[in-house]
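Undergrad: This is the structure I have questions about; it appears just below.
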Amino acid sequence: MDRDSSQDTDASEGAMPAAFSREWALFLDIDGTLVDFEARPDAVRINERLMELVRGLWAATNGAVALISGRTVKEIDRLFAPLRLPAAGQHGAERRAGDGKLHLHAPVIERMYDAADRLSCFAAQHRNLIVENKGMSLALHYRLAPHLRKLAEAIMHELAEYLGSEYCLQEGKHVLELKPSGRDKGTAIEEFMLEPPFAGRTPVFIGDDLTDEFGFACVNRLGGHSVKVGSGASVAAWRIADAAAVRHWLRSGMEQRHDQDMEDRA
Ligand SMILES: [Mg+2]
């Protein structure tokens, strides 16, 4: 992994996050970070090898692993079943803490139902646009129809205006989302860091998209390690190529830690 020298960052020089620590609090985005994108979000699968990696990280950090995604917590659970990890869904609008308690951070306003209807009607007129109504947030995916980007932007801006200041527009890779204002991946990580088993640890956040910038800024502020996957401007201190490289980095870091611990014990 390379130190990202092109960006401003508070991360201290020489603090190589490559050496995996059992004292980390690991915050992991899913799509584009642990797994590659699929044409449709519901086509993504978590294979046994990745499950094993996540279980290993969970054990190695004494349970300080949380998934931080734009997906709903319900969707995250479906993907990682039978595991039920601490998780933040819908870009921080919902969060299941380390004690299993679910925190919902935004009341759904009436206008959100209208917005969902209007968006569904719009998508029905255009092939290959996918609407995902997540309850507290509303996504329009145009991965299968990138030429419709401008049109997608226009309708989402219009709906954002209709919804008012309680909601805001979040851009992502081939997706536009309306989500509650004031909640993001950074606020979710901040809340996790106040609670066991995360409190007192060094936060490490790995993500690939614009929504992850809030998380990077948060862990930079808390003196942790921010890791951006792939290209694009970022406030993250570190950069790694792709999801396969993330899995390899985590796996080898964990194994090295294990070997070192064995040696120290011998
Ligand atoms: Mg992602």
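The values are calculated or read from the model by the stated rules, or taken from the named source; none is laboratory data. Computed from a prediction, not measured in an experiment: that's the story for all the values here. Note: ideal-geometry Cβ built from the backbone for every residue, glycine included; neighbour counts use all protein chains shown.
One line per residue, one yes/no per condition, for (1) under 30 Å from residue 154 (Cβ atoms); (2) more than 16 Å from the chain's Cα centre (by Cα):
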| site | (1), (2) |
| --- | --- |
| 48 | no, yes |
| 57 | no, yes |
| 68 | yes, no |
| 72 | yes, no |
| 76 | no, no |
| 80 | no, no |
| 99 | no, yes |
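Undergrad: Is it the case that some residue within the stretch 162-169 is in the same structural domain as residue 101 (by TED's automatic domain parsing) and acidic (Asp, Glu)? Outline the logic, then answer.
TA: Filtering the stretch 162-169 down to residues in the same structural domain as residue 101 (by TED's automatic domain parsing) leaves none.
For the stretch 162-169, residues in the same structural domain as residue 101 (by TED's automatic domain parsing) and acidic (Asp, Glu): absent.
Undergrad: Is there any pair linking a residue in the stretch 206-220 that is within 12 Å of the ligand (Cβ to nearest atom) to one that is of a type in the set (Asp, Glu), with Cβ under 6 Å and at least six apart or on different chains, and which?
TA: Note: pairs meeting the criteria are 207/29; 210/171; 212/29.
Undergrad: List every residue pair whose Cβ atoms lie under 8 Å apart, where the two residues are 6 or more positions apart in sequence or sit on different chains, the first residue falls within the stretch 162-191 and is without any contact (Cβ under 8 Å) to a residue 12 or more places away in the chain and over 20 Å from residue 207 (Cα atoms), and the second residue, located anywhere, is within 13 Å of the ligand (Cβ to nearest atom) and part of a loop (DSSP other than H, G, I, E, B).
TA: none
Undergrad: What's the total number of residues in the stretch 204-243 that are within 17 Å of residue 95 (Cα to Cα) and not charged (D, E, K, R)?
TA: Step one: of the stretch 204-243, the residues within 17 Å of residue 95 (Cα to Cα) are 205, 211-212, 214-215, 218.
Checking the rest, the ones that are also not charged (D, E, K, R) come to 205, 211, 214-215, 218.
Selection size over the stretch 204-243: 5.
Undergrad: Filter the stretch 62-90 for residues that are touching a Phe, Trp or Tyr at 6+ places or on another chain (Cβ under 6 Å) and of a type in the set (Val, Ile, Thr); which is surrounded by the fewest Cβ atoms within 10 Å (Cβ to Cβ)? Explain how you work it out, then say what you get.
TA: Here is the first cut: in the stretch 62-90, the residues touching a Phe, Trp or Tyr at 6+ places or on another chain (Cβ under 6 Å) are 64-66, 68.
Those still in the list that are of a type in the set (Val, Ile, Thr) too: 65, 68.
Working: 65: 26, 68: 31.
Going through the qualifying residues, I end up with 65.
Undergrad: Of the residues 160, 188, which is at pLDDT 95 or above, in contact with a helix residue (DSSP H, G or I) (Cβ under 6 Å, 6 or more places away or on another chain) and within 23 Å of residue 107 (Cα to Cα)?
TA: That would be 188, the only listed residue that is at pLDDT 95 or above, in contact with a helix residue (DSSP H, G or I) (Cβ under 6 Å, 6 or more places away or on another chain) and within 23 Å of residue 107 (Cα to Cα).
Undergrad: In the list 146, 196, 180, 203, which residue meets the criterion of being under 22 Å from residue 66 (Cβ atoms), more than 15 Å from the ligand (Cβ to nearest atom) and surrounded by fewer than 17 Cβ atoms within 10 Å (Cβ to Cβ)? Break it down into steps so the answer makes sense when it comes.
TA: Numbers: 146 fails: under 22 Å from residue 66 (Cβ atoms); 180 fails: surrounded by fewer than 17 Cβ atoms within 10 Å (Cβ to Cβ); 203 fails: surrounded by fewer than 17 Cβ atoms within 10 Å (Cβ to Cβ).
Checking each option against the conditions leaves just 196.
Undergrad: Now for a separate question. Quick one: in the stretch 102-143, of everything that is among the small types (Gly, Ala, Ser) and touching a helix residue (DSSP H, G or I) at 6+ places or on another chain (Cβ under 7 Å), which residue is surrounded by the fewest Cβ atoms within 10 Å (Cβ to Cβ)?
TA: Taking the stretch 102-143 as the starting set, the residues that turn out to be among the small types (Gly, Ala, Ser) are 106, 115-116, 120, 123-124, 135, 137, 139.
Among the residues that remain, those that are also touching a helix residue (DSSP H, G or I) at 6+ places or on another chain (Cβ under 7 Å) are: 115, 137.
Numbers: 115: 22, 137: 26.
Taking the candidates together, the pick is 115.
Undergrad: Just a yes or no: is a residue in the stretch 140-152 assigned to a strand (DSSP E or B) and within 30 Å of residue 204 (Cβ to Cβ)? Can you show your working first?
TA: Our first condition is that a residue be assigned to a strand (DSSP E or B); within the stretch 140-152, this holds for 140-141.
After this cut, where a residue has to be within 30 Å of residue 204 (Cβ to Cβ) as well, the list is 141.
Looking for residues that are assigned to a strand (DSSP E or B) and within 30 Å of residue 204 (Cβ to Cβ), one finds at least one in the stretch 140-152, hence yes.
Undergrad: Taking the residues in the stretch 240-259 that are surrounded by fewer than 21 Cβ atoms within 10 Å (Cβ to Cβ) and over 17 Å from residue 24 (Cα atoms) as candidates, determine which candidate is nearest to the chain's Cα centre (by Cα). First the steps, then the outcome.
TA: Filtering the stretch 240-259 down to residues surrounded by fewer than 21 Cβ atoms within 10 Å (Cβ to Cβ) leaves 241-242, 244-245, 247-249, 251-259.
With the extra rule that they be over 17 Å from residue 24 (Cα atoms), the set shrinks to 241-242, 244-245, 248, 259.
On the way: 241: 17, 242: 14, 244: 16, 245: 17, 248: 18, 259: 30 Å.
Ranking the qualifying residues of the stretch 240-259, first place goes to 242.
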